[in-house]
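> The following block contains the structure, expressed as structure tokens.
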Amino acid sequence: MTPLNITIPGFNIAGKSWGDSNNPPILALHGWLDNANSFEQLAEILQTQYYFIAIDLPGHGHSSHLPLGCNYHFTDGIFNVIEIMNALELEQVHLLGHSMGACLGSLVAGVSPERFLSLSLIEGLGPFSHPADTACKQLSEYLHNMTRKGTKKSKGYQHFVKAVEARAASGYVSQ
């Protein structure tokens, strides 16, 4: 495994790679609240045949985070993935996405299909869509929720142990 540090406009992207860079590349995009480590076991298996690259998407893992009060817009992820590929000098990749990474993968592959050799989705449903005539109502609700955001009290945990216990009770992680 080789650590990666990739600079794209607005972010430093952390990642990891496995295998020979002369092999066909796989770019792996993780799910929500996850990071590049979620692909470690798979990468170790595939590294003999592929150059496996797993990144921490912006706001996750060791990649840059936006300042407090700024928002991550899903469509910006399309630009970020293309910029990551450009920074790594990858013309085409096999794209692998899990959950949120699968949704992002389906969007970026739809916008730039010539950049992808294949698209593999794990627990991927694609982005949510609504009828066009509800766009104004959706935007209004979004703006209302965003302006309220600063007035809500954090539901954070005082101690790390309590956060781990809560996640374990939900079935997301084991202790």
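Laboratory data are not the source of any read-out in this text; all were calculated from the coordinates shown. What you see is a predicted model; the values in this text were computed from it and never measured. Neighbour counts run over all protein chains shown; Cβ positions are idealised from the backbone, glycine included.
> By how many degrees, between 0 and 90 and to the nearest 10, does the Cα long axis of helix 76-87 differ from the longest principal axis of the chain?
20 degrees
> Specify whether the C-alpha gyration tensor of region 1-49 places it in the rounded, prolate or oblate class, a ≥ b ≥ c being the square roots of the eigenvalues: rounded for a/c under 1.5, otherwise prolate if a/b is larger than b/c and oblate if not.
Numbers: a/c = 2.28, a/b = 1.36, b/c = 1.67.
Oblate shape, in that a/c is at least 1.5 and b/c is the bigger or equal ratio.
> In the chain, if the dipole is taken from +1 on Lys/Arg beta carbons and -1 on Asp/Glu beta carbons about the Cα centre, which of P131, L4, L88 is farthest to the positive end?
With unit charges placed on the Cβ atoms, the residue in question is P131.
> Okay, moving on. Please give the FRET efficiency for E114 paired with L68, using the beta carbon to beta carbon distance and R0 = 30 Å, rounded to the nearest 0.05.
Values: r = 38 Å, r/R0 = 1.26.
About 0.20, to the nearest 0.05.
> Over the chain, what relative contact order in percent results from Cα pairs under 8 Å that are six or more residues apart? Mind dumping the intermediate values first?
On the way: 272 pairs, mean separation 32.1, N = 175.
It comes to 18 percent, rounded to a whole number.
> Quick one: if you stick a label point 7 Å off each Cα along the C-beta vector at H159 and Q138, how many nm between them?
Going by the 7 Å Cα→Cβ label model, 4.3 nm.
> Of (1) 1.06; (2) 1.00; (3) 0.94, which one was derived for Rg/Rh (Cα atoms, Kirkwood Rh) from the structure shown?
(2)
> Separation of region 67-83 and region 1-52 by C-alpha centroid, Å?
Rounded to whole Å, the Cα centres lie 19 Å apart.
> Mind checking the dipole of region 55-132: about its Cα centre, +1 per Lys or Arg Cβ, -1 per Asp or Glu Cβ, Debye to the nearest 20? The partial results should precede the final answer.
Numbers: 1 positive and 7 negative charges, 35 e Å.
I would put it at about 160 debye.
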